[in-house]
Amino acid sequence: MLGAIASGHASEIAIGVSMPLTGPFAASGNYVLNGARIAADEINADGGVLGQKLKLVVEDNKSNPTESASVAEKLISRDNVHVVMGAWGSTLTLAALPVVMQYKVPMLVETSGANKITESGNPYIFRIAAPAYLEAEGLKRKLDTFKIRKADFLIINNDWGRSTAADFSKMFKENGIQVGLTEIMDQAAQDMSAQIAKIKSSDSDTLIVTTAVEQLTLVLKQVKALNLGKQVITTGGSQSPDQLVEHAGAAADGSVHLVFFSPWTPDRTAHPEKAKAFIDAWARRGFAPAGLTESFRGYDGIQVIAAAIRKAGSDEPEAIRQALWNVSVPGLNGTVTFNKAGPAGKESGQSIPQIYFVKVDGGKIKLVE
């Protein structure tokens with residue numbers, strides 16, 4: 001279906017970017033976009049790719065799955081992009097999957113964690129973010145540190161939240177940890193006090209929370225107001241601990257967060273010099289440090305796409321797709337290579353990212369060793 005699509009201007013290679021720039025996930029989406037722009041600017045300053053400049057063609061999916069599907073269609077059929085990065089949230093990305101498969105255009109998934117994304121049999125999907133089962137494996141390695149006896153869940157009511165509860169529950173049970181309540185909250189909900197009150201009355205010692213930073217800020221404030229008295233651990237890597245400290249204040253103190261990039265300790269990242277250079281580039285543009293734990297996703301995503309185009313020697317969709325299987329890119333989240341995931345013959349690509357845990361301690365972010 002893409003045979004009649006031209007490559008655009010000879011001096012540019014277009015990369016589609018679908019992000020939630022408005023709506024409930026807007027803060028995170030804009031952070032990812034700014035990270036992508038830093039990567040594109042660096043690549044272009046160094047001569048571009050195949051002698052051409054990269055051009056990011058950006059669309060706002062408005063934190064809405066229906067809009068996300070429309071955006072994917074628009075980027076491919078109207079804007080003639082041959083590769084897409086997006087779409088931040090799992091529900092947003094899942095909505096775009098049928099579109100990229102219809103048009104046979106590869107999609108680099110930079111954030112979404114629902115297992116279904118790489119298990120649905122879509123050979124045009126390549127994910128650099130950790131799915132829920134890999135996050136659960138990351139927490140498994142820290143069980144001795146956190147000493148969890150019984151855990152409850154408070155999750156956003158979408159594929160991301162449900163995957164997290166399922167995979168973390170499975171891991172807990174396999175390791176002799178009891179699983180208690182699973183409470184859900186709608187994406188736009190602002191009052192979670194009823195769910196938190198139920199969790200307070202349970203005999204768990206730990207609460208696992210999965211949602212984006214805007215809603216998490218409210219959760220932490222309500223946890224403090226209700227004096228929950230349990231260890232709080234968040235998942236998904238989209239919590240922006242610095243932003244929580246800024247907006248939740250003392251309510252964030254003591255909370256623990258699973259993250260995929262640790263800008264507070266760049267020397268402990270997989271590629272320290274790259275981490276430091278990115279942190280410096282972010283600061284030079286006047287961006288808030290709170291965005292670093294989300295923006296790296298966009299940076300790594302564009303670097304991986306650029307590497308695939310170089311390896312392919314072409315910006316044609318099928319050439320990019322084939323090349324993605326053979327990239328090895330030193331990223332802020334570790335070295336990106338893709339393993340096969342999903343049904344045989346229709347596998348998606350899944351990279352294995354770094355996983356860290358940090359704790360808010362007296363308003364400071366500290367790496368959990």
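The values are calculated or read from the model by the stated rules, or taken from the named source; none is laboratory data. Source: prediction; values computed, not measured. In this analysis, Cβ positions are derived from the backbone assuming ideal geometry, glycine residues included, and neighbour counts consider all displayed protein chains. The accessibility values were calculated without ligands, DNA or RNA, using every heavy atom of the protein model including side chains. Shrake-Rupley method; radii C 1.70, N 1.55, O 1.52, S 1.80 Å.
Please work out, to two decimal places, the log10 of the ratio I(q)/I(0) at q = 0.23, 0.27 Å⁻¹ from a Debye calculation in which every Cα of the stretch 214-269 carries one identical scatterer.
Rounded to two decimals, the profile gives -0.90, -1.14.
Of the DSSP beta bridges with both residues in the chain, give the percent that are antiparallel, rounding to the nearest 5.
So the antiparallel bridges amount to about 30 percent of the total.
Kindly express, to the nearest 10 degrees and within the range 0 to 90, the angle between helix 90-103's C-alpha long axis and the longest C-alpha principal axis of the chain.
So the helix axis and the longest Cα principal axis differ by about 20 degrees.
Using alpha carbons only, how many degrees (0 to 90, rounded to 10) separate the axis of helix 65-77 from the longest principal axis of the chain?
Its long axis makes an angle of about 20 degrees.
Picking from Phe338, Phe126, Phe25, which is most flexible by a Gaussian network model of the chain using Cα springs under 10 Å?
Sorting by GNM fluctuation, first place goes to Phe338.
With an 8 Å cut-off on Cα pairs and a minimum separation of 6 or more residues, tell me the relative contact order of the stretch 1-118 in percent.
Once divided by the residue count of the stretch 1-118, the mean separation gives 30 percent.
Taking R0 as 51 Å, what's the FRET efficiency between Leu367 and Arg310 from their Cβ-Cβ distance, rounded to 0.05?
0.90
Could you state the per residue volume, in Å³, of the convex hull enclosing the Cα atoms of the chain?
For the chain, the hull spanned by Cα atoms encloses 118 Å³ per residue.
Once the piece of chain linking Glu246 and Asn44 is laid out straight, how much longer is it, given 0.36 nm per residue of separation minus the C-alpha distance between them?
Working it through step by step, the gained length comes to 69.3 nm.
Relative contact order for the chain using alpha-carbon pairs under 8 Å, separation at least 6, rounded to a whole percent?
Computed over the chain, the figure is 19 percent.
Using a basic spin-label model with each label point 7 Å from the Cα along Cα→Cβ, how many nm lie between Gln190 and Thr145?
For Gln190 paired with Thr145, the spin-label model returns 3.5 nm.
In degrees from 0 to 90, rounded to the nearest 10, what is the angle of the helix 213-225 Cα long axis to the longest principal axis of the chain?
In the chain, helix 213-225 runs at an angle near 0 degrees to the longest axis.
Multiply the residue separation of Leu226 and Asn157 by 0.36 nm, subtract the distance between their alpha-carbon atoms, and state the gained length in nm to one decimal.
22.6 nm
Give the whole-number value, in cubic angstrom per residue, of the convex hull volume spanned by the C-alpha atoms of the stretch 1-101.
For the stretch 1-101, the hull spanned by Cα atoms encloses 87 Å³ per residue.
Going Cα to Cα from Lys62, which lysines come in below 27 Å? Please leave out same-chain ones fewer than 8 positions away.
Partners found: Lys74, Lys104, Lys116, Lys221.
Tell me, what is the FRET efficiency for Ser11 and Gln322 to the nearest 0.05, using R0 = 30 angstrom and their Cβ-Cβ distance as r?
The calculated FRET efficiency here is 0.75.
Can you show me the helix-derived [θ] at 222 nm for the chain, built from DSSP H runs with n ≥ 4 at -39,500 (n - 2.57) apiece and divided by the number of residues, rounded to the nearest 500.
-12500 deg cm²/dmol
So how much accessible area does Lys274 have, in Å² to the nearest 10, using a 1.4 Å probe?
For Lys274, solvent-accessible area is about 70 Å².
Taking all protein chains as present, what is the carbon and sulfur share of the accessible area of the chain, in % to the nearest whole number, probe 1.4 Å?
Roughly 49 percent of what the probe reaches on the chain is carbon or sulfur.
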